[in-house]
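Bear in mind these aren't lab numbers, they're just calculated from the coordinates by the rules spelled out. Given the structure is predicted, the values throughout are model-derived calculations rather than measurements. FYI the Cβ positions are ideal-geometry reconstructions off the backbone, even for glycines, and counts take in every protein chain you see.
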Amino acid sequence: MSDRLLEVRDLATTFATAGGPLPAVGGVSFDLNQNETLGIVGESGSGKTVLSRTIMGLQPRTNVTVSGSARLNGFEVVGASEEAKRGIWGTEVAMVFQDPMTSLNPVMRIGKQIDEVLRVRLGMDKAAAKARAIELLELVGIPSPVERYRAYPGQLSGGMRQRVVIAIALACSPKLLMADEPTTGLDVTIQAQILNLLDRLKSQLQMSVILVTHDLGVVATRTSRIIVMYAGRVVETGSTRDVFQNHRMPYTRALLESSPKVASHSHTRLQAIPGRPPNLMKLTAGCAFAPRCAYATERCHRERPELTAAEGPGHAFACWNPLPTTRGAS
Amino acid sequence: MSDQLEELTLINRPEKSRPLGLLFWICVGWVGLNIFGAIFANLLPLPDPLFQNYSAINVGPGIHHLLGTDDLGRDIFSRIVFGSRVSLAVGAGAMLIGFGLGAPLGMLAAYRRGRFDAIFTTFMYVLLAFPAIIATIAVLSFWTPRALVKIIVVIGLASVPLVYRVIRTATMGIATKDYVVAARIQGATDTRILFKELLPNVAPIGVSFLLIGIATVITLEGALAFLGLSVNPPTPSWGNMINESRTVLAQNPWLVIFPSLALCLFLLCLNFIGDRLRSHFDVTEVKL
Amino acid sequence: MARYLIRRVVMLVGIVFVISVGAFYLIHLLPGDPAVVILGTGDSPQNRAILFKELGLNKPIWDQYFIWMRNILHGNLGTSFISQTSVAGTIRAALPIDLELIVLSQILAFATAIPAAMRSARKPDGPLDRVLGATSFTLLSIPPFIIIVLLVLFIAIKLQIPHTGPSSYVSFSSDWIGNLESLALPAFTLAIASFVVYYRVLRSDLIATLQEEFITLARSKGLSSRRIMWRHAFRPSSVALLGTAGVNIGGLLASGFVVQYLLAIPGLGYTLISAIAQSDYLLVQGIVLVVSVGVIVINFLFDFIINLVDPRISRE
């Protein structure tokens, strides 16, 4: 194998709903190398969560159609049976979920929830699994892990629970860690701790990470590349530096201007993005962002722009009226 | 769940409430027919339900006797029609008592909260812990001689705590809604809020529970009659008829099949109507 | 946990007190002189003297209650003047039959309702779910007393299966296979009534639980569907199931009365109805008291078990 871990080609996810098909994700392609950290950024409803779940094959089991290809370390996820996918879940790819308040089983001791993976997936015996679970709790920075092993999720704070979720994800040493808004449900003061923990674990355990977030501040220093999503599609992608400084898509700029951490040093006022994210069931033939875009022309409403290459390596954007290449805004 | 999926569940929920459907109206028709039969049984061209025709004992269904006769030569069809009176009277009467006492108390408790609510709710929960059917059997076995009115009163009183709980839970869900709070802040009178804001919203829940409550109460009366603790023979009632058929099961199975069918069909229709109304009004989680 | 338990015990004692007052007062619902009615066919000067002494009938009503209560706490529920036997002894002989019936029916009900609900919840609105939904809804409208009569009609009378008809009860100590045969139809009848309730409650709870994020997390661990269903979905949902089972006990006992009455199985129900027919009021009063307190205590135990299963409840 080369050092390419994940190849995504033209991936699309459509939900069947009572009101007709809902295209949640469409036409997404990208690659991810080993030990690389990729950021997927977008507003809520932009399809980033659905995308991250589709990549690992974790979409709901009914009323969903997935097309395209997602090849993880040689394993084709799209179209694979649930049973086949179980073979890669945990060991090849694992996920840190958004809300630690709901993602842990409330009636199972946290130790058991970690043990379970070790015993079922790695075939460890009871004593070995317990020892390893306590090690994992220690690794993710939970104080007095031996006592915490017997705690129920309800007895832990949100930050501690998220650490447990991370410990579960790491249990079988996955090659790819999906972190879906891992800090959204947490207090601001805890957010940085969890992100730094993920950073540390990534280099310690030699993993690739996909960091999904709505907050550009989160990905600014932690990723090497970024994908910006809007209405289920990639609208701009490139190195983190290019996306922050040489972005061409007006939506990317709007996101940057609405992000407090990036804007704060220049003392400008935060700009909310006008309008609301589009209803995915009522998309027009044109650019989905056009109704909210200050630069939109008649063509934008009529015809959807495809991704076009820009100057930087791997930098591409989907816009008919891109911003000038000179230094970006803000 | 992610925002995207949350949005999905919103879309998944049909925007209009489910249509009631043909089966619903068939059930309404059947219940209506039963009520009509019970009220006008005297005027209908039916044989006397008490008349014992010894020359036609245990006759099967046929022209002279639509559903046959029982072991005393009485017409089964006529007895079923007249027997529905007991079931309907108990259903309507007991629920009148149950709702008459339970519903206003439940609404008031949920609206007032505080000490009033605390006292009544504790009291009702103590009563609820007491198995209603055993209490009913106990009281009816001592409070002799048994009569329809006593049965209605006992079952009705036994249903009060349940009605109280359902209505109180439903009202609480609505009383905390923004528009009720807003009306309160704007100084609307209590009576106004209770009648204009709460009652119209609690009523659909109440109605669907009422139908299921009637079905429950009729079942209870049937069981009491089966045990010989309801109205005294020879007065026909569905439960009495099933009880009387016990001794002649082998000779005349029709005697148990027809009243059973009448009772089950009636209960099925009531339950179906109640269930449909509940999903129609989109009453999600009211524990019954 | 301790505080929760103490609060529940105080409540339990309160409810039992209310029940005892109610059961005590039943005698005074009787029309006319209670002594005449209670003594019934056993009315003689000697018996009358015994009754007055036992119940303190010439004393104020509160003293009567305390005398009655003190007797009960000593395990003395009085002596029936109609059958000349001790009420407590009669109850002790009948009670095991009710317990056996309930245990048998609950084993049947849980063994069928749990897998059925799991299959339904796996594919809500699928063909199996629709069939089971319609079936359970129909069964919901068929009272146990009709189910048992129809079962007896077809199985005991038409098919002539031995030990299933009326008055063919075989005691456990004399022939345990015959005993099981004679309790098969009653247990099945009670099981149907319980099945319908358990299936519906567990199904809707499982469907809700399976939507939870922690189920997706369990999936992402690479666990089998079976394991997810039992270990992750069923355990939180079983709280609702246990709660329902606890509440269901009262109705179950009452349905037990009905089937015993039809088949002349000498459990509490049959004894109770016979006692009512013979105006044996002390026996009726004793059975009502024992059954009511039993139901309350069983409810309390279920609450306690639920607490052990779900650590969320006692913490709030």
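Some observations on this one:
- Amide N proximity, segment A:1-33 versus A:E82 label position 7 Å along Cα-to-Cβ, cut-off under 20 Å: A:13-17
- Angle of helix A:188-205 to the longest C-alpha principal axis of chain A, folded into 0 to 90 degrees and rounded to 10: 70°.
- Sequence-ordered 3J(HN,Hα) estimates for segment A:60-74 from the Karplus curve with 6.51, -1.76 and 1.60 and θ = phi - 60° stand at x, 7, 10, 6, 10, 10, 10, 10, x, 8, 9, 10, 10, 6, x Hz, glycine and proline given as x.
- Computed over the Cα atoms of segment C:2-73, the ratio of the radius of gyration to the Kirkwood radius (Rg/Rh) comes to 1.14.
- Rg and Dmax of segment C:36-77, Cα atoms only, in Å: 10.9, 28
- Cα lying deepest toward the dipole's positive end in the protein assembly as shown, options C:A254, C:P186, B:T247, charges on Cβ: C:A254
- Free of any GluC sites (Glu not before Pro) that DSSP assigns to a loop and that have at most 10 other C-beta atoms within 10 Å, the longest stretch within chain B is B:16-284.
- Distance between modelled label sites at B:L50 and C:A111, nm, 7 Å Cα→Cβ extension: 5.1 nm
- Projected label points at B:N58 and B:I35, each 7 Å from Cα along the beta carbon direction, are separated by 4.0 nanometres.
- Ascending count of other beta-carbon atoms within 10 Å, so fewest first, for A:E83, C:E212, A:E181: A:E83, C:E212, A:E181
- By the count of other C-beta atoms within 10 Å, a proxy for reagent exposure, A:I273, B:I76, A:I134 are ordered fewest to most as A:I273, A:I134, B:I76.
- The largest-to-smallest principal axis extents of the Cα set in chain C are 80, 57, 34 Å.
- Taken over the protein assembly as shown, the percentage of Cα pairs per 10 Å bin, counting from 0 up to the bin with the maximum distance, is 2, 10, 16, 18, 17, 14, 10, 7, 4, 2, 0, 0.
- Note on C:R130 and C:E54: the extension gain reaches 21.4 nm, defined as 0.36 nm multiplied by sequence separation minus the Cα-Cα distance.
- Relative to the longest principal axis of the Cα atoms of chain C, helix C:176-210 runs at roughly 50 degrees.
- Estimated from the Cβ-Cβ distance and a Förster radius of 25 angstrom, the FRET efficiency linking A:A16 and A:R302 is about 0.30.
- Crossing angle, helix B:3-12 versus chain B [Cα axis fit, 0-90 degrees, rounded to tens]: 40 degrees
- Amide H contacts of A:V209 (H built 1.01 Å from N, in plane; Pro and chain starts excluded): A:E36, A:T37, A:L38, A:L177 sit under 5 Å, all sequence-distant by 5 or more or on other chains.
- Under Karplus coefficients 6.51, -1.76 and 1.60, residue-wise ³J(HN,Hα) of segment B:178-193 in Hz, glycine/proline x: 4, 5, 6, 4, 4, 4, 5, 5, 6, x, 5, 6, 4, 4, 4, 5
- Cβ-based net charge around B:I155, under 15 Å, with every Lys or Arg adding one and every Asp or Glu removing one: +1
- Vicinal HN-Hα couplings computed from phi for segment B:93-110 (Karplus, 6.51 cos²θ - 1.76 cosθ + 1.60; Hz; Gly/Pro x): x, 5, 6, 4, 5, x, 6, x, 8, x, 5, x, 4, x, 5, 4, 4, 5
- Projecting the Cα positions of C:L55, C:F234, C:T112 onto the charge dipole of chain C (unit charges on Cβ atoms of Lys, Arg, Asp and Glu, taken about the Cα centre) puts C:F234 furthest along the positive direction.
- Beta bridges by DSSP in chain A, antiparallel share as percent, to the nearest 5: 60 percent
- When the trypsin sites (Lys or Arg not before Pro) in segment B:66-155 are filtered for DSSP coil states and for at most 16 other beta-carbon atoms within 10 Å of their beta-carbon, the remaining sites are B:R113.
- Under the convention that each Lys and Arg Cβ holds +1 and each Asp and Glu Cβ holds -1, the size of the dipole of the protein assembly as shown around its Cα centre is about 1520 debye.
- Residue with peak Gaussian network fluctuation, chain B [Cα springs, cutoff 10 Å], from B:N240, B:N42, B:N271: B:N42
- A:Q193 paired with C:I155, simple spin-label distance in nm, labels 7 Å along Cα-to-beta-carbon: 6.2 nm
- By the count of other C-beta atoms within 10 Å, a proxy for reagent exposure, C:K53, A:K112 are ordered fewest to most as C:K53, A:K112.
- Rounded to the nearest 20 debye, the dipole size of segment C:120-261 about its Cα centre is 580 debye, using +1 on the Cβ of Lys and Arg and -1 on the Cβ of Asp and Glu.
- Local electrostatic count, C:S86, Cβ distance below 12 Å [Lys/Arg +1, Asp/Glu -1]: 0
- Isotropic mean projected area of the C-alpha convex hull, chain A (nm²): 17.7 nm²
- Charging the Cβ of each Asp and Glu at -1 and of each Lys and Arg at +1, and nothing else, the dipole of chain C about its Cα centre rounds to 1220 debye.
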